[in-house]
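Only the coordinates and a few stated rules stand behind these numbers; no lab work does. A quick note: this is a predicted structure, and the numbers were derived from the prediction, not measured.
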Amino acid sequence: MIGSLSRNTPVIVQGITGRMGRTHAALMRAYGTNIVGGTSTRADAKEAAGVPVFSNCRDAVLATGAVASVAMAPPLETLAAVEEALAAGIRIIVTVAEGIPLHDAIRIGRAVRRAGATWIGGSTPGMAIPGEIKLGFIPDVCLRPGPFAIMSKSGTLSYECGYRLAQAGLGHSIWVGVGGDQVKGVRFVDLLPVFFGDPRTHAIILVGEIGGSEEEECADALIRLGLCKPLYALIAGREAKEGVSMGHAGALVLGEAGTLASKTQRLTKAGARVFGSIEAIIDACVQNHLSLRA
Amino acid sequence: MLLIEADGKALLAEHGVAVPEGVMATDASIGDLPGEGPWMVKAQVPVGGRGKAGGVARCQSPQDVAAAVQRMLGGRLKGYQVDTCLIEQAVAGEERYLAIMVDAAGYGLRVIYSAQGGVDIERSGSAQGRLCPPHAGAVAEALAELIASEPEAWRRHVAAAGHGLADLLIERELALAEINPLFVSPDGCIAGDAKLVVDLGAIERQPRVAALIEARPQIYADANRKLIEGFDYVEIDPDGEIGLVTTGAGLSMMLIDELAARGMKPLNFCDIRTGQMRGSPARVMRVLEWITARQSLRAVLVSVFAGITDLAEFAHLLATGIEQSPRLRVPMVARLVGRGAAEARRILAERQPAVFVTEDLEEALRRIQAVCR
C-alpha cells in the first residue's frame, strides 16, 4: 500500500477544522497531495482548506472515494478516530498525535490488523513520496526525489538527515516516520520488503534510537531476507539516562534491553553500516552513491 | 517510566499481590524495623540492576541495617541520587520470575514465567513467554500453561498472583509489571521486588498513578516536570557544561551524543516543542532557569529545525527569554534552520547580538566546542 501511494491517491483529513488540521491540510495540498475532503464535529463547517467538510468518515469516503486518512486528533481521541476511519473503509491511516496511551495503541493495532489496513504512527510527522504525495507534515525543505528510502523513529532527526541529503544533491524515494511510540503501526521490519521491492529505492537509511527492539527485529529480518540494498543506520541515545523516557515514550532503556550496544551489534552483524553521528552517516551515503546525484 | 520498588509494591498490594512488610528510611534514624531479622535494605531509585550496583544489602542485625542505610543514602546509583531506602523483612522460599508486559509487535500482552528467578534472568534465557490478547482471562490461560509443570501445592498461589498482576497492568495501563523474585511456597507467594513501568500518555485518566508521581517530586523529577510543564526536559548530568534548548526528541538525543563524542559534557535533554509555545516565551525562560541553576554551565546550544514553526517568531521569544533570564551569563549558540531563518538571524542580531547564529549544525557544534575551550 505504502509504495503505491501517488499524487492520485484520494486523502481525507480527520479534524480538518482544528488549528492543526486546517494548517496541514493546506500545506499537504500545496505540496501536491490529493486532499479530497475532511471531517469535523463542527456542525456549521462546510468547507476548510479549500475542500468539503463532512460530519463523519463514512460520509466523506462515500462522497470522495478516499482511501487514505490523516487523523489530526488529540492523543486520547485517536483510538476513536481510527475506529471511525476503518469502519468507513479507509485503507491507510496516519495518526500524528504524540502521547497516545499505550493500551489504546494496542487496540488501534488490533483493529487495523483485523481490517487488513495500514497504520503509520503515532507520534510521527507522517510519510512522503517526494514529488508525489505527503501525508503529515515532513517539512518541504527536506524533501527531494531521489534514491534513498528513509525510515525513522524521530521526526527532527530524520529532517536533519533528509535535509542534508537533499543539500548534497541526493534525495528520497519513500520516507516513512514510524514514530517514537512503543506500540505503533508500521515498524522498521514491515518496511524492508516495501523498500526492497521499490524500483526508485537504491539504498535505505534507518534512523533509530534507544529503547524497544525494532532495530534488532529489523536486523533479524535483514538476515532472513538478505541485504538486497545497502542499509545505513543512525542510532541516537548513547548518552541517554536509564529508566526515564527521552521525549519519545518508546525511548526507554531498562537494564540491558533497548541499549545502543545491542542495536548496533545486531544491525552490524546483519550487514548494515551503523553510525553514531549525523555527519558520518551522510558522508558515507554521499560517498557511496555519488553517481546517483541529480 | 519506571516506578521505584516501594511504589510498585504499593500498587501490587492494592491488587491483591502479597508484599513483605516494609518501612521507608530517609535518614540514618531507622526507627522500628518490621518483624524479626534478617532484613533487606534497598535503595529506592527508578533503575534496574540495583543489586549488582550495590543498592541492595541483606542485613542480620539492626546495626547492619543502620550501616547499610547510612552507606546508601546520599550516594549515587546508576546516575540517580539515593534519598530513600526501603527496609523489609527478608523473605524465604523458592525464587520464581513472573512478568506481564505490553508486546509492541504482537499488539497484545506477553506473559513471562521462569522457574529460575534471580538477577540473571535476562541473560539465562530460561524465561518462557506467551503472547495473548489484552484481557485478564487470556493472561490467566497463558499463565496456567506456563506453570503447568510446577508443584501442585502452590500452583494456585502463582495463578492468584498472576491474576492480581494482570488486573493491575490492565487497570492502571502499565507497560510492564514484573516480579523478580517471586517467592513461592505452599503457604503462598510474596513479591520480593516490583518493577512497574507506567505510561505517562495515560496519566490523565490514571489519578492513582499520577498521585504516586506527584508525591515524589525528587525521585520522579523528570516525570513531574513533564506533567507540569507539558514538554520534555531530562537532566542528564547535574555537573554538565552544555545546556540544551532544543526541539525534537530524536535530534536532542543525537546532539547529546554528538557533544559527548567531542569530549563535552551535556547537561540536559530537551524537547521544548516550539509548535506549542503559542507566542509565549515561558518555556524558553523555564529551560534557561533550570540550566542556569547549575554552576557548571559554560555554554547554551539552541537548536530548532523549523518545518512548521516560524523562526522569526521563535527568535523574538528567544530574545525575550534571554532578557528575562538575568542568571544567563554564558555564551549562546543558536542553530536555526528552516522557515524564516534569515529573518530570525536579523532579529537576534538586533535584539541579542551576543548570540552566535548559524544554519549549520556542524558549525554550531564547533562553535560550542571553541567557547568551552
Report task. Return the long-range amide H neighbours of B:Val302 (sequence gap of 5 or more, or a different chain), with a cut-off of under 5 Å between placed amide H atoms. Result -> B:Val245, B:Val333, B:Ala334, B:Arg335
Query raised in the report: If one takes the longest principal axis of the Cα atoms in chain B, at what angle in degrees, from 0 to 90 and to the nearest 10, does the Cα axis of helix B:361-372 lie?
Result: 90
Query - Rounded tilt (10° steps) of A:19-31 against the dominant C-alpha axis of chain A - result: 70
Report summary line: The Rg/Rh figure for segment A:138-292, Cα atoms and Kirkwood Rh, to two decimals is 0.94
Report summary line: Along segment A:57-71, Karplus-curve 3J(HN,Hα) (6.51, -1.76, 1.60; θ = phi - 60°) to the nearest Hz, with x for Gly and Pro, reads 5, 4, 4, 5, 5, 4, 7, 10, x, 4, 10, 10, 9, 10, 8
Query raised in the report: Taking only the alpha carbons of segment A:108-182, what extent do you get along each of the three principal axes, in Å, biggest first?
Result: 42, 22, 17
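Starting from the exponent 0.38 and prefactor 2.2 Å, build the expected Rg for the protein assembly as shown from its residue count and divide its actual Cα Rg by it.
0.99
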Requested in this report: Starting from one equal scatterer on each C-alpha and no solvent at all, send me the Debye-based log10 I(q)/I(0) for segment B:21-89 at q = 0.14, 0.16, 0.29 Å⁻¹, two decimals.
Outcome: -0.34, -0.45, -1.38
Query raised in the report: Taking the Cα centre of each part, how many Å lie between segment B:137-168 and segment A:197-244?
Result: 37
Query - Inverse of mean 1/r across different Cα pairs in segment B:230-372, Kirkwood, Å - result: 14.6
Query raised in the report: To the nearest Å, what is the center-to-center distance of segment A:133-160 and segment B:248-281, using C-alpha atoms only?
Result: 20
Query raised in the report: Across the Cα atoms of chain B, what radius of gyration and what greatest pairwise Cα-Cα distance (Dmax) are found, in Å?
Result: 24.6, 79
Query raised in the report: Using alpha carbon centroids, what distance separates segment B:1-51 and segment A:66-92, in Å?
Result: 44
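Cross-link list B:Lys195/B:Lys265; B:Lys78/B:Lys226; A:Lys134/B:Lys195; B:Lys9/B:Lys226; A:Lys46/A:Lys153; A:Lys184/B:Lys78: which exceed 32 angstrom alpha carbon to alpha carbon? Please report the intermediate quantities before stating the final value.
Working: B:Lys195/B:Lys265 30 Å; B:Lys78/B:Lys226 22 Å; A:Lys134/B:Lys195 41 Å; B:Lys9/B:Lys226 24 Å; A:Lys46/A:Lys153 36 Å; A:Lys184/B:Lys78 30 Å.
The pairs that break the limit, which is 32 Å between Cα atoms, are A:Lys134/B:Lys195; A:Lys46/A:Lys153.
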Query raised in the report: Taking θ as phi - 60°, what are the ³J(HN,Hα) couplings along segment B:96-107 by the Karplus curve (6.51, -1.76, 1.60), each to the nearest whole Hz, with x for Gly and Pro?
Result: 10, 10, 9, 8, 10, 9, 5, 9, 5, 6, x, 6
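Count the DSSP beta bridges whose two residues both fall in the protein assembly as shown, then state the antiparallel fraction as a percent rounded to the nearest 5. Display every interim value, and only then the final one.
Working: 55 of 108 bridges.
Of those bridges, close to 50 percent are antiparallel.
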Requested in this report: Taking the convex hull of the Cα atoms, report for segment A:1-148 its projected area averaged over all directions, in nm².
Outcome: 8.2
Report summary line: The Cα radius of gyration of segment B:178-219, divided by 2.2 N^0.38 Å with N its residue count, comes to 1.58
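Any idea what diffusion coefficient segment B:23-135 gets from Stokes-Einstein, in µm²/s, Kirkwood Rh on alpha carbon pairs, 20 °C, 1.002 mPa s? Working shown, then result.
Values: Rh = 16.0 Å.
For these conditions, the coefficient is 134 µm²/s.
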Requested in this report: Determine ³J(HN,Hα), in whole Hz, for all residues of segment A:94-102 in sequence, where each value follows from phi through the Karplus function 6.51 cos²θ - 1.76 cosθ + 1.60 and θ = phi - 60°; x replaces Gly and Pro.
Outcome: 10, 10, 9, 4, 9, x, 5, x, 4
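Compute the Rg to Rh ratio over chain A from the alpha carbon atoms, using the Kirkwood formula for Rh, and round to two decimal places. Walk me through the numbers on the way to the answer.
Numbers: Rg = 18.5 Å, Rh = 19.1 Å.
Checking Rg against Rh, the ratio lands at 0.97.
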